[in-house]
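Enquirer: Structure provided below as structure tokens; questions to follow.
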């Protein structure tokens, strides 16, 4: 059998597993909704545009047989992808924009670290290196070129509880500086994703460096995924993540549909 | 003969679903150009008549020259004191508007400044009494005179003929478009004092908690409603829910940001401002306007006013807040369009003009700055007086009078005329 035939066979098996339900497609995306919270910055800074939609026509005088909308939003609105150019540390890297990054990296293995209990106890929870090592002790070493997602249950929150803003800023979980360094330097991940508004914790402006997840990930050419939905539906290991941002010229990120291929339970 | 006395306005009753809503008929629209000029004064609440400075007397009706000495006449503010010398009660009329409102009292007032003028009569005044005259816009937004005993008197607005000329919040349901704005919070507090029946406070992004939201929630006479002026679906949904019971809409949204085209400019901030202020106004008007226009004669709590708080620099650009001025200029222009589209509905399109407010985004601006409580008080007073253009505070009045005097000179002054 030729190499080409073997490749076709591999994907045929995947197609059969998808058709039979042996492999499930899990949607990890929030609906783009005008009232979905975005990151809040001091008012003198530029702000992230909310998702908005205007009706162009609805089978009426504006377009008799068709219904469509114009929509607008920021690159970092809703469930979204951060490219390295998003952060100052990644500004000069090659292939650092959503239109130039290598698409091979947009599909990959995914490890999901369950931090729900810790987050329930402390909404400012920071996932440290020890937590990752404990995950590896149970599920094996994180393979190189994997996505790592931090499962916190945060996506079940709504409205004000989701942003969790107080006078001293937002309060939400994220990775500790040393944990991000470990994932990038010693585990060579593709990227890191969370259920919160940012890859960083709510209080990360006060960390060293400020916003360590953004700074370290993007400085090393790695990617971020934010506002993921329902990570409790993924196994700790064994799933494949599909996370392809829109191909925006010189784009720093984009809303996207994040899907996972998950072997059916049992 | 109609009964004269202290009868109060009837309390609004719940709508009878079997009865047709009265069509918003209006008094005659046709006026001469001089008559329209009078409407300009009435819109601002100024009691102006043609005046002969040689005879030191006002003249009525308007003429080309003084009927006594043939000197030129000039419009100017005159004293509004006079005596009611005759009255009639209209029992029938070929005018559809008046047919539905009979009996209707009119009379003749001899003004101390000269002429005798026909006027609508307040229920409190009787022939032979000293009266005050007011120049008002009627439901057709045309100027009429009305005589009352004391305009500032406590129960003066408890008069069905005067209520036709004003937009009094009493008994009415009011929507504040952006209650989180400084003016919005102040109005939410003040409207209860003006006996508004219900106050809907529009709040965007309830997921963003702040002290103003806490303050609004603590007001027990206020109902918070979700309203985001930058989101068409949000405006449409709220209009579908409460559009039929908004009697007064007060558009309070603002987003003052310093900066012009070259200095301190940010296109994203300007776009955001434009969407909130200009397109936001269009969203409000297109979704709430039609229902209000259909309810201009819907009883004692008919729809009566679509009010917008505008920067007085809508008239002439203030470069320190250049893009902000431009957005307000656009809304000012749209309000003129809306006035035309609302004409004949009995719903008044009211603009309240202000200078800078006492708030964070004007912290680098020298006083005088307008206190939001004063804004709320004067805006409500303007509605009670039936004004169409309300100028609130020294800055607004000064800029508006300079604009009327010489728009180009004002532009030169604002754009650096006084610079060394």
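Enquirer: Here is a list: A:217, A:241, A:183, A:234. Which entry is surrounded by 19 or more Cβ atoms within 10 Å (Cβ to Cβ) and under 25 Å from residue A:48 (Cα atoms)?
Expert: A:217
Enquirer: Taking the criterion of being in a loop (DSSP other than H, G, I, E, B), at pLDDT below 95, in contact with a helix residue (DSSP H, G or I) (Cβ under 8 Å, 6 or more places away or on another chain) and away from chain A (no Cβ under 12 Å), would at least one residue in region B:212-223 satisfy it?
Expert: yes
Enquirer: Would you mention how many residues in region B:306-320 are in contact (Cβ under 8 Å) with a residue 60 or more places away in the chain and assigned to a helix (DSSP H, G or I)?
Expert: Final tally of qualifying residues: 4.
Enquirer: Right, another one. In region A:1-24, which residue that is loosely packed, with under 10 Cβ neighbours inside 10 Å and modelled with pLDDT under 80 is farthest from the chain's Cα centre (by Cα)?
Expert: Ranking the qualifying residues of region A:1-24, first place goes to A:1.
Enquirer: Is it the case that residue B:209 is touching a helix residue (DSSP H, G or I) at 6+ places or on another chain (Cβ under 8 Å) and over 30 Å from residue B:97 (Cβ atoms)?
Expert: Yes.
Enquirer: Residues that are more than 14 Å from every other protein chain (Cβ to nearest Cβ): which helices (runs of 4 or more DSSP H) entirely in region A:103-186 hold 1 or more of them?
Expert: Qualifying helices (runs of 4 or more DSSP H): A:116-121, A:129-139, A:177-181.
Enquirer: Name every residue in region B:351-370 that is within 30 Å of residue B:167 (Cα to Cα) and more than 19 Å from the chain's Cα centre (by Cα), in order of residue number.
Expert: Answer for region B:351-370, where residues must be within 30 Å of residue B:167 (Cα to Cα) and more than 19 Å from the chain's Cα centre (by Cα): B:356, B:357, B:358, B:359, B:368, B:369.
Enquirer: Taking region A:25-63 as the search range and keeping residues that are outside any loop (DSSP other than H, G, I, E, B) and either within 13 Å of chain B (Cβ to nearest Cβ) or at pLDDT below 95 (or both), which one is farthest from residue B:255 (Cα to Cα)?
Expert: It comes out as A:58.
Per-residue answers, yes or no, for (1) assigned to a loop (DSSP other than H, G, I, E, B); (2) over 25 Å from the mean Cα position of the chain (by Cα); (3) more than 13 Å from residue B:160 (Cα to Cα); (4) in the same structural domain as residue B:139 (by TED's automatic domain parsing):
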site: B:82; (1), (2), (3), (4): no, yes, yes, yes
site: B:85; (1), (2), (3), (4): no, yes, yes, yes
site: B:93; (1), (2), (3), (4): yes, yes, yes, yes
site: B:106; (1), (2), (3), (4): no, no, yes, yes
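Condition check ((1) surrounded by 18 or more Cβ atoms within 10 Å (Cβ to Cβ); (2) part of a loop (DSSP other than H, G, I, E, B); (3) assigned by TED's automatic domain parsing to the domain that holds residue B:148) across all residues:
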| position | (1), (2), (3) |
| --- | --- |
| B:88 | no, no, yes |
| B:118 | no, no, yes |
| B:123 | yes, yes, yes |
| B:127 | no, yes, yes |
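Enquirer: Of all residues in region A:199-219, which are assigned to a loop (DSSP other than H, G, I, E, B) and either free of Cβ contacts under 8 Å to residues at least 40 places away in the same chain or over 20 Å from residue A:93 (Cβ atoms) (or both)?
Expert: Those that are assigned to a loop (DSSP other than H, G, I, E, B) and either free of Cβ contacts under 8 Å to residues at least 40 places away in the same chain or over 20 Å from residue A:93 (Cβ atoms) (or both): A:200, A:201, A:202, A:203, A:207, A:208, A:209, A:210.
Enquirer: Let me ask something additional. Do any residues in region B:24-42 that are outside the structural domain of residue B:134 (by TED's automatic domain parsing) have Cβ atoms under 6 Å from those of residues that are assigned to a helix (DSSP H, G or I) and surrounded by 15 or more Cβ atoms within 10 Å (Cβ to Cβ), where the two are at least six apart or on different chains, and which pairs are they?
Expert: Once the first residue is outside the structural domain of residue B:134 (by TED's automatic domain parsing) and sits in region B:24-42, its partners that are assigned to a helix (DSSP H, G or I) and surrounded by 15 or more Cβ atoms within 10 Å (Cβ to Cβ) give B:25/B:97; B:26/B:97; B:27/B:97.
Enquirer: Here's something else I'd like to know. Which of the residues spanning region B:228-282 are surrounded by fewer than 20 Cβ atoms within 10 Å (Cβ to Cβ), more than 14 Å from chain A (Cβ to nearest Cβ) and in a helix (DSSP H, G or I)?
Expert: Correct list: B:240, B:241, B:242, B:244, B:245, B:278.
Enquirer: Taking region B:315-327 only, how many residues are buried (at least 24 other Cβ atoms within 10 Å of the Cβ) and within 21 Å of the chain's Cα centre (by Cα)?
Expert: Residues flagged as buried (at least 24 other Cβ atoms within 10 Å of the Cβ) and within 21 Å of the chain's Cα centre (by Cα) within region B:315-327 amount to 1.
Enquirer: Check region B:148-158 and report whether any residue there is farther than 18 Å from residue B:389 by Cα and assigned to a strand (DSSP E or B).
Expert: Yes; the residues of region B:148-158 include at least one that is farther than 18 Å from residue B:389 by Cα and assigned to a strand (DSSP E or B).
Enquirer: Restricting to region B:159-209, name every residue that is in a loop (DSSP other than H, G, I, E, B) and within 14 Å of another protein chain (Cβ to nearest Cβ).
Expert: The answer is B:180, B:181, B:204, B:205, B:206, B:207, B:208, B:209.
Enquirer: While we're on this one: Considering only region A:64-80, how many residues are more than 11 Å from chain B (Cβ to nearest Cβ) and either in a loop (DSSP other than H, G, I, E, B) or buried (at least 18 other Cβ atoms within 10 Å of the Cβ) (or both)?
Expert: Summing the residues that are more than 11 Å from chain B (Cβ to nearest Cβ) and either in a loop (DSSP other than H, G, I, E, B) or buried (at least 18 other Cβ atoms within 10 Å of the Cβ) (or both) in region A:64-80 gives 7.
Enquirer: Return the only residue of A:97, A:31 being exposed (fewer than 11 other Cβ atoms within 10 Å of the Cβ) and farther than 30 Å from residue B:360 by Cα.
Expert: Answer to the check: A:31.
Enquirer: Hey, among B:345, B:364, B:340, which residue is surrounded by fewer than 16 Cβ atoms within 10 Å (Cβ to Cβ), on the phi < 0 side of the Ramachandran plot and in contact (Cβ under 8 Å) with a residue 24 or more places away in the chain?
Expert: Being surrounded by fewer than 16 Cβ atoms within 10 Å (Cβ to Cβ), on the phi < 0 side of the Ramachandran plot and in contact (Cβ under 8 Å) with a residue 24 or more places away in the chain holds for just one of B:345, B:364, B:340, which is B:364.
Enquirer: Conditions first: (1) within 30 Å of residue B:351 (Cα to Cα); (2) in a loop (DSSP other than H, G, I, E, B). Residue B:50 passes all but one, so which condition is the exception?
Expert: Among (1) within 30 Å of residue B:351 (Cα to Cα); (2) in a loop (DSSP other than H, G, I, E, B), residue B:50 violates only (2).
The values are calculated or read from the model by the stated rules, or taken from the named source; none is laboratory data. Computed from a predicted structure; not experimentally measured. Virtual Cβ from ideal backbone geometry, glycine too; neighbours counted across all protein chains shown.
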